[in-house]
Amino acid sequence: MHEFSVMSQIIEGLLEESKKWSAVKVEEVFLDLGDFTMLGEEQLKFSYEILSKDTILQGSTLTINHVKGTIECDCGFKGEMSPSEDSPHRIVPILECPKCRGPARIISGRECTIKNLRLVVPDV
Amino acid sequence: MHKVVTVDMEKDILAENRRLADENRALLEEHDIRAFDFLGAIGSGKTLIIEKLVDHLKSKGKESAAIAGDVSGDDDYQRLVAHGIPAANISTGKECHLDAHLVDHALEDLPLDKIDYLFIENVGNLVCPVDFPLGSHVRVVVISVTEGDDMVRKHPAIFAFSDVIVINKIDLAEAMQVDPRILERDARRINPGAKIVKMDARHGNGLDDLISALGL
Ligand SMILES: Nc1nc2c(ncn2[C@@H]2O[C@H](COP(=O)(O)OP(=O)(O)O)[C@@H](O)[C@H]2O)c(=O)[nH]1
Ligand SMILES: [Mg+2]
Ligand SMILES: [Zn+2]
């Protein structure tokens, strides 16, 4: 599980940004998480809680927005991949093009991006 | 007084590793080195396959080097060095994967001007390495029939993000009552663009197929 080390990097980025703005408190952090990453939402949130202790991030909300995995193919297909028959409720990257069965490429779903954050800053 | 502001960041945390991986690839290409990284569960046969490839290349007059990643110890490193090649050992400690930064440091310890091929053995984990490309040209995943015939379905992502899929230990398929064709069919569907090789690394069967799949 690498959520903890990924979250350490996220926290580092957030603290740096908050400092730039002389923030006194962070209220909410918005994270985009691709469906094709191997990062679990629960583990990320747990790591966030632990790692934000005793920083100005403590007590803030981490909001995770899931980004759908999409693929494209030379035949012109572009969109979500076909659901897996074996595990219809799990997100499985299947690179077989649903239209022509040829090999498709991933265009989204591998990101783990800090989108933005809500900060309390001095009003001067 | 204080106010609340919303600040845009647009910072992709995984992108930093991808950037370092691109740097590694550029460094390797500067030295005309072609690099392969091997993924797969502990015991699937990664080290043995690398050993066979190193010997094959040596017989053709080509020089190899290896990077062995392990959670602890240096057993794989010792096995590779015994084949007379330069190697670097990365002990990841608690980390569950190699990353481009660790590989960058290992490259500093290798005589890049003297080698033609580099083999990187990742930590035996089927989940975490997926998010961390290392900068190799070809990613190989090695599974063995002893892991069961639902193995591919259970860990689909690693197959989607690999270029070559090796189904190893087919000499044990009958004894294990596992049909390698099921593994092959599942792998093909998840990644129709990948090359799939069935082999028995212990006895060298299928080694030629792997050699040609890797362009060696
Ligand atoms: N029967 C058989 N044994 C194999 C084969 N490939 C590897 N092994 C054995 O499996 C064990 C684990 O192999 P190793 O290369 O250390 O796996 P790694 O952990 O993936 O690096 C060793 O005892 C190998 O000799 C194979 O194709 N057939
Ligand atoms: Mg090994
Ligand atoms: Zn298509």
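The H on the amide N of A:E28, modeled in the peptide plane, is under 5 Å from the matching H of A:T61, A:R118, each at least 5 residues off or on a different chain.
Ranking of A:T37, A:T61 by solvent-accessible surface, largest first: A:T61, A:T37 (1.4 Å probe, protein heavy atoms only, all chains present). Shielding value for B:168-179 is 0, the average number of Cβ atoms from other chains within 10 Å of each residue's Cβ. Calculated accessible area for chain A comes out at 52 Å² per residue, all protein chains present (probe 1.4 Å; ligands, DNA, RNA ignored).
Using C-alpha pairs under 8 Å with a sequence gap of at least 6, the mean separation divided by the residue count of chain B gives a relative contact order of 23 percent. List, in order, the whole-Hz ³J(HN,Hα) value for each residue of the range A:44-51 obtained from phi through the Karplus relation with A = 6.51, B = -1.76, C = 1.60 and θ = phi - 60°; use x for Gly and Pro. Residue by residue, the range A:44-51 yields 5, 5, 5, 4, 4, 4, 5, 6 Hz.
Counting only alpha carbon atoms, the long axis of helix A:3-20 and the longest principal axis of chain A meet at about 50°.
Ignoring ligands, DNA and RNA, how do B:D12, A:D123 rank by accessible area with a 1.4 Å probe, largest first?
Details: B:D12 35, A:D123 80 Å².
Output order, biggest surface exposure first: A:D123, B:D12.
If packing is taken as the average count of other Cβ atoms within 10 Å, what order do B:174-182, A:24-32, B:39-47, B:97-105 fall into, highest mean first?
Sorting B:174-182, A:24-32, B:39-47, B:97-105 by mean packing, highest first, produces B:39-47, B:97-105, A:24-32, B:174-182.
Shape call for chain B from the C-alpha gyration tensor, a ≥ b ≥ c root eigenvalues: rounded (a/c under 1.5), prolate (a/b greater than b/c) or oblate?
Values: a/c = 1.96, a/b = 1.26, b/c = 1.55.
Taking the square roots of the gyration eigenvalues as a ≥ b ≥ c, chain B is oblate.
Roll a 1.4 angstrom probe over the protein heavy atoms and tell me the percent of accessible area of the range B:2-214 that is carbon or sulfur.
Details: 4240 of 9100 Å².
Carbon and sulfur atoms account for 47 percent of the accessible area of the range B:2-214.
Lacking any other cysteine beta-carbon closer than 4.7 Å, the following Cys residues of the protein assembly as shown have no compatible partner: A:C112. In this structure the amide hydrogen of B:H2, modeled in the peptide plane, comes within under 5 Å of the amide hydrogens of A:D123, none closer than 5 places in sequence on its chain.
When only alpha carbons are used to place a centre, the range B:175-216 and the range A:23-71 end up 39 Å from one another.
Mind checking B:13-22 for the average number of partner chain beta-carbons within 10 Å of each residue's beta-carbon? Spell out each step's value before the answer.
Details: counts 14, 9, 4, 2, 2, 1, 0, 0, 0, 0.
Per residue, the number of nearby Cβ atoms from other chains is 3 on average.
Averaged over A:104-117, how many beta carbons belonging to a partner chain fall within 10 Å of each residue's beta carbon? Taking the mean over all residues of the peptide, I get 4.
Using the Cα gyration tensor of the protein assembly as shown, with a ≥ b ≥ c the square roots of its eigenvalues, what is the shape: rounded (a/c below 1.5), prolate (a/b larger than b/c) or oblate (neither)? The partial results should precede the final answer.
Numbers: a/c = 2.23, a/b = 1.56, b/c = 1.43.
Taking the square roots of the gyration eigenvalues as a ≥ b ≥ c, the protein assembly as shown is prolate.
The H on the amide N of B:V197, modeled in the peptide plane, is under 5 Å from the matching H of B:I165, B:V166, B:I167, each at least 5 residues off or on a different chain. Between the range B:74-89 and the range B:12-27, the C-alpha centres lie 26 angstrom from each other.
Once A and B are treated as a pair rather than alone, how much accessible area drops out, both sides summed, in Å² to 100, probe 1.4 Å? Let's see the in-between values first.
Numbers: alone 8200 and 11220 Å², together 15860 Å².
Rounded to the nearest hundred, the buried surface is 3600 Å².
Listed by chain and number, the lysines whose C-alpha is less than 18 Å from the C-alpha of B:K114, apart from same-chain residues fewer than 8 away, are B:K58, B:K60, B:K62.
What number comes out for accessible area per residue over chain B if the probe is 1.4 Å? Units Å², please.
Details: 9370 Å² over 216 residues.
Spelled out: the 1.4 Å probe surface of chain B, per residue, equals 43 Å².
The values are calculated or read from the model by the stated rules, or taken from the named source; none is laboratory data. Everything numeric here is computed off the predicted structure, so don't read it as measured data. A quick note on method: Cβ atoms are made from the backbone with ideal geometry, for glycine too, and the neighbour counts reach across all protein chains shown. Areas reflect the complete protein model, heavy atoms only, side chains present, ligands, DNA and RNA absent. Shrake-Rupley method; radii C 1.70, N 1.55, O 1.52, S 1.80 Å.
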